[in-house]
Amino acid sequence: MQEALEEAGKAYRLGEVPIGAVLVKDDESIARAHNETILANDPTAHAEILVLRRAGVALHNHRLLNTTLYVTVEPCPMCAGAMIQARIKKLVFGAYDLKSGAVRSLYKILDDNRLNHRIEITAGIREEECRMLIQAFFKNLR
């Protein structure tokens with residue numbers, strides 16, 4: 001989660017919503033990313049999507065089997081869907097997102113038994129640090 005927080009810090013300094021993500025396989029960081037929606041003019045350039053894309057290239061596979069995704073904020077519906085498509089094994093996130101969280105807060109997409117893949121979930125890791133970073137970002141915008 002420390003590396004994901006570092007990525008979120010990069011996003012903060014660039015004026016992006018400070019969310020960071022790191023994908024790990026066999027205790028090795030495969031890819032890391034932070035939000036780039038503003039810089040890339042791309043509404044899909046969330047940290048989770050970017051890290052999945054980079055990991056697919058690094059592993060030469062669209063299936064990211066036996067990987068763990070660390071992300072500072074609970075993923076949105078788009079990102080939760082991408083994680084299912086990528087077949088990640090485990091998600092670890094920090095802060096809950098009460099407005100658009102699709103894992104525990106608003107929706108529970110990863111728990112839907114109609115979908116063909118299950119992802120282990122660990123929530124609230126370094127929650128206060130993750131929450132404080134994103135709250136500081138939005139406070140500074142006001």
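One line per residue, one yes/no per condition, for (1) out of contact with any helix residue (DSSP H, G or I) (no Cβ under 9 Å at 6 or more places or on another chain); (2) free of Cβ contacts under 8 Å to residues at least 40 places away in the same chain; (3) not acidic (Asp, Glu):
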site	(1), (2), (3)
72	no, no, yes
87	yes, yes, yes
94	no, no, yes
99	yes, yes, yes
111	yes, yes, no
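Take the conditions without any contact (Cβ under 8 Å) to a residue 60 or more places away in the chain, within 14 Å of residue 5 (Cα to Cα) and in a helix (DSSP H, G or I) and apply them to residue 132. Does it pass? So residue 132 passes the test. Residues in region 55-82 that are more than 25 Å from residue 124 (Cα to Cα) and either surrounded by 15 or more Cβ atoms within 10 Å (Cβ to Cβ) or touching a Pro at 6+ places or on another chain (Cβ under 9 Å) (or both): 56, 59. Only one entry of 102, 4 meets the criterion of being surrounded by 18 or more Cβ atoms within 10 Å (Cβ to Cβ), modelled with pLDDT of 95 or more and part of a loop (DSSP other than H, G, I, E, B), and that entry is 102. With the condition kept exactly as written, say whether any residue in region 76-93 is of a type in the set (Lys, Arg), in contact with a Ser or Thr (Cβ under 7 Å, 6 or more places away or on another chain) and either under 19 Å from residue 1 (Cα atoms) or at pLDDT 95 or above (or both). Looking through region 76-93, at least one residue is of a type in the set (Lys, Arg), in contact with a Ser or Thr (Cβ under 7 Å, 6 or more places away or on another chain) and either under 19 Å from residue 1 (Cα atoms) or at pLDDT 95 or above (or both).
Going through 137, 93 one at a time, which residue ends up being touching a Leu at 6+ places or on another chain (Cβ under 9 Å), open to solvent by less than 70 Å² (accessible area, probe 1.4 Å) and either among the hydrophobic types (A, V, I, L, M, F, W, C) or under 26 Å from residue 25 (Cα atoms) (or both)? Matching residue, one of 137, 93: 93.
The values are calculated or read from the model by the stated rules, or taken from the named source; none is laboratory data. Quick caveat, the model's predicted, so the values are computed rather than measured. Reconstructed Cβ throughout: ideal geometry from the backbone, glycine too, with neighbour counts over all protein chains shown. Only protein heavy atoms, including side chains, enter the accessible area calculation; ligands, DNA and RNA are left aside. Shrake-Rupley method; radii C 1.70, N 1.55, O 1.52, S 1.80 Å.
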